[in-house]
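This is the structure I have questions about; it appears just below.
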Amino acid sequence: MNSQTLPVLDTLIAEAREVSGAEALLQGLLAEGVDTIFGYPGGAILPIYDALYDFKEQLNHVLVRHEQGGIHAGQGYARASGKVGVVFATSGPGATNLVTGLADAQIDSTPLVCITGQVFAHLLGSDAFQETDVINITAPVTKWNYQVTEAREIPGILAKAFYIARSGRPGPVLIDITKNAQLEKLPFAGYAPCTRIRSYRPAPVVRPAAVVQAADLINQAQRPLVLWGQGVVLGGAEREFQAFIEKSGIPAAWTILGAGALASDHPLNVGMLGMHGNYGPNVLTNECDVLIAIGMRFDDRVTGRLDKYAKQARIIHLDIDPTEIDKNVATTVAVWGDCKQTIPLLTRLVAERQHPAWRQRFADCHAQEVDAVIKDALFPATGELTMGEVIQQLNELTHGEAILVSDVGQHQMVTCRYGRLNGSRLHITSGGLGTMGFALPAAIGAKFGVPERTVVAIIGDGGVQMTIQELGTIMQTGIDVKIIILNNQFLGMVRQWQELFSDRRYSFVNIQSPDYVAVAKGYRIEGQRVAERADLRPALEAMLAHPGSYMLEVMVAQEQNIFPMVPQGCSVSEIRLR
Amino acid sequence: MERQEYNITAYTENHIGLLNRIAIIFSRRKINIESLNTSPSEIEGIHRFNIVITETEDVVRKICRQMEKQVEVLKVYFNSNDEVVWQEMALYKVPTDVIAEKALVERLLRENGARAVVIRKDYTVFETTGHRQETDSLLRALQPFGLIEFVRSARIAIIKSSDGFNRQLREFEEAKPGAEVVENEYLNDREGVFAM
């Protein structure tokens, strides 16, 4: 140590004041730029809530109605804003209620820092009141977790948590803090963010040779196809991606978490991949000669049957996470690294092309799909209301600028397929885990994350009943979330499978609903119910014009199926249009 | 691809809970860990896991990458049995009077290189160290003679081609913070050792 650093240290020590572990935690959150916390208090996290009383001006704590709602709100906040979502819960049941959200955030790479209270350290392992082994329960569903048992650990561990949650491939982190550690005092001289961990590599280094190889393959290709996923969004590489696509002239298709990174109406955006994706990108996956996967993980819902997936193509895979390379689909060239760095390198090396004949194939497929599916889904003249026309009407009113938050099931696929997005982070949905009940709390979180945008939650009559208690959170905070319930009086996606594959043996998919408008009214939320085509547009306009939250229940056709569809166990080229 | 025994060697931080995080990578795929040893490594403060499983190379590679993805894991290698020097230790508790009475038993023990660790009037504990077949064959041989207790340790293995972890650790420690951190010259090496 040289003589210059000594006085600095002296000042730091002199300035250090005694604070409680709880206060150190909140100071740390402020230093990390946190403005919003979603949480629910309880015995083991009381000291943190006591300290929070003095931070009411700086930290906006949103009291949710259930910890699952809290963590989904944190996810919605993170997905909409790109910032780390922060969630508080108490020990025992409070902590176990986070598990679904953690698993969801883990598989969808959503950055979260969850703080759970824990019983006093001396009670650990004794089956104390509201004690549960949170660290081991959450190990498989967190990127990292840690149990703090002494106050002095708090600043360092919190810094590590934020660094791990948002760096590399993001993910959820959980810190379990025993009550004594929240209460104990520690000398606190300030908060130092974490910038590296010896054993942790957020991103692999870019190997220029791989980029050159990839560019060569692309330049030789006659029928190249780009598949992009959320990696482009998480890397903040939307502009780099668009520049690459526009220079190379390669048609590009998206996974549902990547949606919007290239705007819906971009001429090179050829649509959605996977089970209920568009016809062209699915069929032509098995005809392309070079497949370029960017920040996506070849999920089974995207690939269909693997041994018949793009076998004719050479595969280029760009990813930040080495475990994804060769996990499901063997690559010809792997380009490791953050796509924010790798895409521009590739753009520099690829030739300017147009691929008119190849692109015409996508246009032809699209025309077929419009004829067989889209026309009737979006513009039905007669018959019952369709989910598609609700989304279409919404598009016409929000012009692709609203944040759509969808739940899980048929309405989700309809929202993915038809929701117009002018940019990324405009459609938030539970992709990997498929968590029903996600949308309502996630929409609340999204609105807190990006208050200037209109947020529309689109939910089925099944999913909304799973987390409907969060209407209470809307009521108490006065947050402005528009809620559309697409009510088909069925658990629609399961019903569709039972119709198509189980000979219409409808087993427990008939679900009753309460009077949603009355329920909303009970929570002092305006609403209305429509069942007629003529009423739909005015109702949507009323919803969007209403100051504050609004619930619109739309009675849609009971037995409508989502097509196209790649049946499970089939190849993407066996996609059915009807 | 054929299933065979693989020796997984992981260099890690010594962190509470890491053992569980590593174990669940195997259990979620319903893979049995046949042997697991944790010990210090050649570097102070760095822990070494030796894990043995029987699987295809493809699965082992994926598992090793998932292990390496854990925040506290520095590096993971996997090797077939002929790429490592490995040993397991076994202890056998045998009635002392049997050994005294039967010359055959004593010869058996001698032939197997067993060493008496404890000799008491009622029992004697022998120790052998070697490959699985060796400790197994002595176990079978002793069964008819009133073997009281048997235990075998986890496998420990040294990678023949490894020059230790000191150089790699230095690279880890010298790496600059931030997005451009990483060195991964081995990452795409599909033969034997891989690491990031």
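So, R0 is 35 Å and r is the distance between the beta-carbons of A:D535 and A:A367; what FRET efficiency does that work out to, to 0.05?
Numbers: r = 32 Å, r/R0 = 0.92.
My answer for the efficiency is 0.65.
What trypsin sites (Lys or Arg not before Pro) does the range B:54-112 have in DSSP loop regions with at most 14 other beta carbons within 10 Å? Don't skip to the end; give the middle numbers.
On the way: sites: B:R61, B:K62, B:R65, B:K69, B:K75, B:K93, B:K102, B:R107, B:R110; in loops: B:K102.
In loop regions of the range B:54-112 (DSSP not H, G, I, E or B), the sparsely surrounded trypsin sites (Lys or Arg not before Pro) are B:K102.
Give the calculated FRET efficiency between A:L183 and A:E452 to the nearest 0.05, with a Förster radius of 45 Å applied to their Cβ-Cβ distance.
Working: r = 40 Å, r/R0 = 0.88.
With a Förster radius of 45 Å, E is 0.70.
Could you compute the FRET efficiency for B:T38 and A:A542, with r as their C-beta to C-beta distance and R0 at 60 Å, rounded to 0.05? All intermediate terms of the calculation are to be shown ahead of the outcome.
Details: r = 64 Å, r/R0 = 1.07.
E between B:T38 and A:A542, to the nearest 0.05, is 0.40.
Take every residue in peptide A:203-211, count the Cβ atoms of other chains within 10 Å of its Cβ, and give the average of those counts.
The per-residue average across the peptide is 4.
Give me a single rounded figure for A:192-201: the average over its residues of other chain Cβ atoms within 10 Å of their Cβ.
Working: counts 0, 0, 1, 4, 7, 5, 9, 15, 9, 11.
Taking the mean over all residues of the peptide, I get 6.
Also, quick follow-up: Can you give the percent of C-alpha pairs in the range A:529-578 whose distance is more than 15 Å? Intermediate values should be presented prior to the final figure.
Details: 764 of 1225 pairs.
When every Cα pair of the range A:529-578 is considered, 62 percent fall beyond 15 Å.
Can you find, among A:A372, A:A192, A:S430, the residue farthest towards the positive end of the dipole of chain A? Put +1 on the C-beta of Lys and Arg, -1 on that of Asp and Glu.
About the Cα centre, the residue reaching furthest to the positive side is A:A372.
Count the DSSP beta bridges whose two residues both fall in the protein assembly as shown, then state the antiparallel fraction as a percent rounded to the nearest 5. Don't skip to the answer; put the middle values down first.
Working: 50 of 115 bridges.
Expressed as a percentage, antiparallel bridges in the protein assembly as shown total about 45.
Rounded to two decimal places and with Rh computed the Kirkwood way over Cα pairs, what is Rg over Rh for the range B:85-152?
Working: Rg = 11.1 Å, Rh = 11.8 Å.
Taking Rg over the Kirkwood Rh, I get 0.94.
Which whole number of Å³ per residue matches the convex hull of the alpha-carbon atoms in chain A?
On the way: hull volume 94.1 nm³, N = 578.
Normalising the Cα hull of chain A by residue number yields 163 Å³.
Taking 0.36 nm per residue of separation and subtracting the Cα-Cα distance, what length does fully extending A:E401 through A:R305 add?
Values: separation 96, 0.36 × 96 = 34.56 nm, distance 3.55 nm.
Going from the current span to full extension adds 31.0 nm.
Continuing with this model, one more query. Evaluate the range A:242-355: find the radius of gyration of its Cα atoms, find its Kirkwood radius, and give the ratio Rg to Rh. Let's see the in-between values first.
On the way: Rg = 13.4 Å, Rh = 14.5 Å.
With Rg and the Kirkwood Rh in hand, the quotient comes to 0.92.
Same structure, new question: In percent, what relative contact order does the range A:249-301 have, based on Cα pairs under 8 Å that are 6 or more apart in sequence? Before the final figure, lay out each step's value.
Values: 42 pairs, mean separation 15.4, N = 53.
The value is 29 percent.
When Cβ neighbours within 10 Å are restricted to other protein chains, what is their mean count per residue of peptide B:61-72?
Mean shielding by partner chains, rounded to a whole number: 5.
Next up: What chymotrypsin sites (Phe, Trp or Tyr not before Pro) in the range A:65-162 are in a loop by DSSP, with at most 13 other Cβ atoms within 10 Å of the Cβ? Mind dumping the intermediate values first?
Working: sites: A:Y77, A:F88, A:F120, A:F129, A:W144, A:Y146, A:F162; in loops: A:F120, A:F129.
Here the sparse-neighbourhood loop sites are A:F129.
Among A:C570, B:V118, A:A31, flag the residue with its Cα farthest along the positive direction of the charge dipole of the protein assembly as shown, charges on Cβ as +1 for Lys/Arg and -1 for Asp/Glu.
A:C570
Give the residues of the range A:357-382 whose amide nitrogen is closer than 11 Å to a point set 7 Å from the Cα of A:D289 in the direction of its Cβ.
From the range A:357-382, the list is empty.
Just want the answer: with Cβ charges of +1 for Lys and Arg and -1 for Asp and Glu, which residue in B:Q168, A:S513, A:V86 is farthest toward the dipole's positive end in the protein assembly as shown?
Of the candidates, B:Q168 comes out farthest on the positive side.
For the range A:208-361, what's the relative contact order in percent, using C-alpha pairs closer than 8 Å and at least 6 residues apart? Before the final figure, lay out the partial values.
Details: 296 pairs, mean separation 48.1, N = 154.
Computed over the range A:208-361, the figure is 31 percent.
In debye to the nearest 20, how big a dipole does chain B give about its Cα centre with +1 on each Lys and Arg Cβ and -1 on each Asp and Glu Cβ?
Values: 27 positive and 32 negative charges, 138 e Å.
The dipole of chain B has a size of about 660 debye.
Ok, one more. So, by mean Cβ neighbours within 10 angstrom, what's the order for A:42-49, A:520-527, A:268-275 with the highest one leading? Present the calculation step by step, with values, prior to reporting the outcome.
On the way: A:42-49: 21.0, A:520-527: 17.4, A:268-275: 23.2.
Ranked by mean Cβ neighbours within 10 Å, highest first: A:268-275, A:42-49, A:520-527.
What does the charge dipole of the protein assembly as shown about its Cα centre add up to, to the nearest 20 debye, if the Cβ of each Lys and Arg holds +1 and the Cβ of each Asp and Glu holds -1?
Details: 75 positive and 90 negative charges, 165 e Å.
The calculation lands at about 800 debye.
Now, a different point. Compute the angle between helix B:18-27 and the longest alpha-carbon principal axis of chain B, please, reported from 0 to 90 degrees and rounded to the nearest 10.
Its long axis makes an angle of about 80 degrees.
Something else: Once a ≥ b ≥ c are taken as the square roots of the eigenvalues of the Cα gyration tensor of the range A:505-563, is the result rounded (a/c under 1.5), prolate (a/b larger than b/c) or oblate (a/b not larger than b/c)?
Numbers: a/c = 2.95, a/b = 1.51, b/c = 1.95.
Oblate, because a/c is 1.5 or more while a/b does not exceed b/c.
Is the shape of the range A:16-188 best called rounded, prolate or oblate, per the rule: a/c under 1.5 gives rounded, else a/b larger than b/c gives prolate, else oblate, with a ≥ b ≥ c the square roots of the Cα gyration tensor eigenvalues? Let's see the in-between values first.
On the way: a/c = 1.44, a/b = 1.15, b/c = 1.25.
Taking the square roots of the gyration eigenvalues as a ≥ b ≥ c, the range A:16-188 is rounded.
Roughly what angle does helix B:57-69 make with the longest principal axis of chain B, taking Cα atoms, 0 to 90 degrees, to the nearest 10?
70 degrees
Values quoted throughout were computed directly from the atomic coordinates according to the rules given, and no laboratory measurement underlies them. Note that the structure is a prediction, hence the values are computed from the model and not measured. All Cβ positions, even for glycine, are placed from backbone atoms using ideal geometry, and neighbour counts span all protein chains on display.
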